[in-house]
Structure formats: structure tokens, C-alpha cells
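So the structure is just underneath, and the comments pick up after that.
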């Protein structure tokens, strides 16, 4: 099966080549029913892409901030089933691309077919499942995802071999998620020289997919460094920190996004 | 049918390597090199020599006269409790530390629940002069204070895992996160037949020395290298993997795995994964997993800190599904009674993990001539507190 229907992710990357801002947050955090409001506020504030995290009890790729938000969301009562019901109205309010990000186990328990159907029904454009490796994806998941118009986004890291980056590029149709350094998710103050060399190395490979840099992007400075060598960047933990202390989501999200995009948009 | 791992890293539908891309280079390096390294003569010689001179292998196969009389069968105990550090865990850490050296690593990390694997790792790191960091759930650190200090005496850094439920699965999560952040110079010594391929196969190979010795020792003792039964307890399943390994294809040998039923299968406080689990993915492999309908991992319970893991090695999930191994379970109470029984009948205080295997002796109808081997995976010194608190002796 090879369905090449353009979706919102493709459209975004067709008309915007630089300074793309993608924002991650955990569904059901800080409060159970904040999921849809945060998506609306992000769009209004000028985010280009939204990643909604499916909470999981054992998020091994995540640092303390996102771990804590996962735990809080689960304690609040979030489940994948509830998340899909919250997202039923998503496309009445939000037009920018939306990706769901999470670990594979809740997806398996929900049933892969049911999961894909529910994503399509809610207007989800893509998936990031860090513990679904490319080999397993191609063997068991790819056809199902494509049949429901879902783009699977893969991660690469500074340690990913060039041949594997090529393989990932070949299997991707959306963008490639460039993990900025050998680490779990989490805000860092600076982007260091080694990372810039890695961004440039990948850029020089002239991949068919565009790239967004994630992990350690926390503010205007790190965002701008990242977007100089890629098509954009992803902010997660820093946004979770903001949500945690926010008393006015709409206002705080607006100033957060504006502060990051500032001069770069 | 093969019960061992296939070329793709699977045991039937279980296994694989469900790892984030950040771990791919580390796991790939291991996958590409482990067989070549451990099958080389040089490795084999160093491994065998350390098992002999340092660990104290072969461990005895002891004919337990009074226990045999009590259960009306010929019961032998494979004395892994006599290994250096007090349990079978060291067989694996010796193998992996030599492997880590061959891979050019100079730092080692490990997870530990009760602390036995942590102690076995800290021990081999001291032996080889390697830097050692052990992750241990904060709650487990409080429950297993002596093992924490043992690791520190051996020079290891013990880091409390403060995320999630603060026990073994969280210690494993933290160790994996550490490995993600330190991909080049660090080897992760996983303590059981769990984790992404090739770990389950690699750990099973290092533990297979148990059944390799059993065959020779049984042949000498009974004239037949095959017993009627081999019984072992299962948390993640490393001692059972070692005890079953060389008998997997000998279908006439009945293999019995004993899980921890905790306060009872339906009490909500149990660790009997094969009864209560469903196929899922945790810590890099697809296996049977205790989880909610929503796919969130459930924190298991057992009086034995070495058996309260929410999953089970993928090899065991396959052995369960194919019926090659019969899975039994024992409650806290049954295990404690079996531990006291062995103490009184044979003068051996078993680890509470191993006491679960002993508890199965009362659940099986043996014929008087049946030869039964119980893998006595560890000694009870570390469990004195628990025996004392339980009190019924």
C-alpha cells in the first residue's frame, strides 16, 4: 500500500521552510480537561505544529519534567480512550497539524487498528512513538498507519549512523525529528558546538525530508541556534514547566510562544 | 520447535528490541558483537576460570535426604546459594563484565530490586577496576539497607530512583535513561533475561552454566543426566532460564516455573505475570506484562523483592504460551512455610525467591522414583529481616 495523500504536516512544510515551531505537551496535564484548550491557545499564539503526548507509566526516553507530567496526567485519570473523546472536537477548533506522541504499549493495548481509526476520526496527522523501531514499523505498522493517513515521525541522534539516517529518510514522509544530543528530554540552557556540527552534518546530507530539532530547546536562544541549521525546532519540557505554574493558560501560552518566535518568524 | 531466540531476536511472538533511537547504537553494538565475543576461546577460558576460582563453581548438586522423604520423591538441590555473593546473579555479571571490557567500555551501570544483582555487579566492577553506578528504587533502598551498604563498600555509587513507584521497574527506567545520556563509554549490565534483544539471550547463555553442570552432576549421581522435573522460581526469570536451558529440547523433562502469587492471585497484590499479564512492551521487549486496560504498567507485589517485576523474560513468555514450561505460583505464606521447612529439614535457609520454587514441591504429585531438581537460586541471609518480621518459626 502506498497512499500519498498530502496531509497537514506535508502542507506545512511545503509553504514554510524555516523557523517552524512545534510544541509538545502531555494530554491531561496540568488538569484532565486542559487538552483541547491548550491546543487552541497554541494555535492562536502562533505555533506551527502541536504534539500531544499520550501519558505512560514508564516513559524511558523522557527526563524528569515530562515524566512528572505523565504521572500527573495519569493521576488525573487520563486514558487513551478519554483522550480520543477529548479530541473529537479538535478539528472544529484547530487547523494546524497535530501529532500524537507516546510509547507503544498503550497503543498496542488500545489495538493498533482501533488506534489508527480513532486518530483519523479526530484529524490526527502523524505519530511519534519513540520505542517503535523502524524495523518493527515497516514490518507491522506502516501499512496500517498509511491507510489512515498517519505520518510516522522517526528520531535520529548524534550517534545515528549515516546509513541509518538514509533508511529513516526513505521511510519517512513528514519530517525527521533530530534529537539534539545524547540525552533524555529536558530543558538545557545552551546548544553547544558539537551539536551545531551534528546539525550541519545532517543538513549537508540533503535529505528528502525536512528536519526539526528537539530535546534541550527551551528558549529563544536555543530555538534560534537550532533553526539556523534545520527547518525548525520542538519545545517540550520548557512548555510543560510553563503549564505547571500557569494561572492563565491563554495569556501565558501567548507570551511563551511570542518570546520564542520573537525575531525569528 | 526451537525455544531459543531466532535470528530476529524473537521467541515466538515475544522479544524484539523496542528501544528509543537513542539506545539503538548501544544495543546494535552489543547485538553485532556478543556472540562472536562470548564464543571465542579466550572469553570462554576467562569466564570458566573466574566461575571456578572466584565464584566457586561448580556449585554442588545436593541430594536432600530428609526433604526427599518428606515429599516422597528424590529431590536434589542445585546449590546456587553457595555462589560468591549468595546467589546465581553473579554468573551473569561475570560474563557481562568480561564482555564490557572486550567492548572497550570503562563504566558500568545496573538496576537492582532487592540489591542482589546490584551487589553482584558492584562485586565484578571492583574485581575489574571499573566505575559502577547502580540504580535502585528509593523505596527498595530503604527496605534493603544492608545491600545498599554492601554495594557502597564495594565502591559502587548507588543512585535512588525517585520516579514512578520507586521500585525495580523505575530503577530499570533510570538505568536506561543513564545509558541514553552516556552512549559511548558505558555498558549496561541488565540483571535478568529481560530487556531488548540480545539481552535475554545473552543473560540466558551466561546462566546456562547451571543446567550444564546439572546434567554432569545428575549423570554421576543417578546414571541419567535427565531428571523428571526441574523447578525454579521466576521474577524476570534468569535463574529459571539457566536451570532450564539445556533441558528445553528434552521434552520428557518436566520444567516447572514458580511465580510469586503475593497475597493471592486475585488479591490485587500479586506478581504472577503469566496469570495476570497480557502481551505488551516494557523495557525494550514484547512480553507478558501486568498492566491496566489502558496499557499502564501495574506495580506488582511479592514478599520477595526479587520476584516483584511486572513483566517476565520474553523467553519465558514463549515457554508459557507453548506449554513447554508449566507455570505454578506460590503465595507469600506458602513460600515462607517452604523456606522454614527447608531450614528445619536440611539446615539451609533459602532466599525467599528460592523458597517459592520449594513451595511447588507440595503442589505436584510425584512418584517415589521421580528425580526432582530444585534450583536453589540464593541464600536467605539477605532475607533475615523478612523471616523475623513474618515470625512464624
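The numbers here are math on the coordinates, done by the rules we state, and not lab data. No experiment lies behind these values; they were computed from the predicted model shown. Note that each Cβ is placed from the backbone with ideal geometry, even for glycine, and that neighbours are counted across all protein chains shown.
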Checklist entry - So what's the back-of-envelope 222 nm ellipticity for the protein assembly as shown, counting only DSSP H runs of four-plus at -39500 (n - 2.57) apiece and dividing by all residues, rounded to 500? => result -12500 deg cm²/dmol
Item to check | Segments B:221-234, B:296-309, B:191-204, B:50-63 sorted - mean Cβ within 10 Å per residue, highest first | outcome: B:191-204, B:296-309, B:221-234, B:50-63
Next on the checklist: Relative contact order for chain B: what percent, with Cα pairs under 8 Å and sequence separation of 6 or more?
Outcome noted: 20
Checklist entry - Looking only at Cα atoms, what is the convex hull volume of the range A:8-258 per residue, in Å³? => result 112
Item to check | Among beta bridges that DSSP assigns inside the protein assembly as shown, antiparallel share in %, nearest 5 | outcome: 20
Checklist outcome for this item: Taking a ≥ b ≥ c as the square roots of the eigenvalues of the Cα gyration tensor, with a/c under 1.5 meaning rounded and otherwise prolate when a/b exceeds b/c and oblate if not, the range B:288-392 is oblate
Checklist outcome for this item: Taking a ≥ b ≥ c as the square roots of the Cα gyration tensor eigenvalues, with a/c under 1.5 meaning rounded and otherwise prolate when a/b beats b/c or oblate if not, the range B:70-152 comes out oblate
Next on the checklist: As a footprinting exposure proxy, order B:128, A:78, A:101, B:176 by other Cβ within 10 Å, with the fewest listed first.
Outcome noted: B:128, A:101, A:78, B:176
Checklist entry - In degrees, nearest 10, range 0 to 90: what is the angle between the Cα axis of helix B:89-102 and the longest Cα principal axis of chain B? => result 30
Checklist entry - Among B:181, B:267, A:218, B:238, what is the fewest-to-most ranking by other Cβ atoms within 10 Å? => result B:267, B:181, A:218, B:238
Checklist outcome for this item: Yeah, chain B with a ≥ b ≥ c from its alpha-carbon gyration tensor (a/c under 1.5 is rounded, else prolate when a/b outruns b/c, oblate otherwise) is rounded
Checklist entry - Roughly how crowded by other chains is peptide B:287-300, in terms of the mean Cβ count from those chains within 10 Å of each of its Cβ atoms? => result 5
Next on the checklist: Compute the helix-to-body angle for B:332-346: its Cα long axis versus the longest principal axis of chain B, expressed 0 to 90° and rounded to tens.
Outcome noted: 60
Item to check | Net lengthening on full extension, residue A:85/residue A:250 (0.36 nm per residue, minus Cα-Cα) | outcome: 57.2 nm
Item to check | chain B: angle of helix B:209-222 to the longest principal axis, Cα-based, in degrees nearest 10 | outcome: 20
Checklist entry - Ordered by packing density, taken as the mean number of other Cβ atoms within 10 Å over each peptide's residues, highest first, how do B:2-8, A:140-146, B:206-212, A:93-99 rank? => result B:206-212, A:93-99, A:140-146, B:2-8
Item to check | Shape metrics for the range A:75-171, restricted to C-alpha atoms - Rg then Dmax, Å | outcome: 14.4, 43
Checklist outcome for this item: Counting other chain Cβ atoms within 10 Å of each Cβ in B:25-31 and taking the mean gives 2
Checklist entry - Among the DSSP beta bridges whose two residues both lie in the range A:8-258, what percent are antiparallel, rounded to the nearest 5? => result 0
Next on the checklist: How high is the relative contact order of the range A:8-258? Use alpha-carbon pairs under 8 Å, at least six apart in sequence, and give a whole percent.
Outcome noted: 24
Item to check | Counting DSSP beta bridges with both ends in chain B, the antiparallel % (nearest 5) | outcome: 30
Checklist entry - How crowded by other chains is A:101-108, given as the mean number of beta carbons from other chains within 10 Å of each beta carbon? => result 5
Checklist entry - Given a Förster radius of 35 Å and the C-beta distance between residue B:345 and residue B:219 as r, what FRET efficiency does 1/(1 + (r/R0)^6) yield to the nearest 0.05? => result 0.85
Next on the checklist: In Å, what Kirkwood hydrodynamic radius results for the range B:129-223 from the alpha-carbon pair distances?
Outcome noted: 15.5
Checklist entry - Among B:152, B:389, which comes first, second and so on when ranked by fewest other beta-carbon atoms within 10 Å? => result B:389, B:152
Checklist outcome for this item: The answer for the per residue Cα convex hull volume of the protein assembly as shown, in Å³, is 147
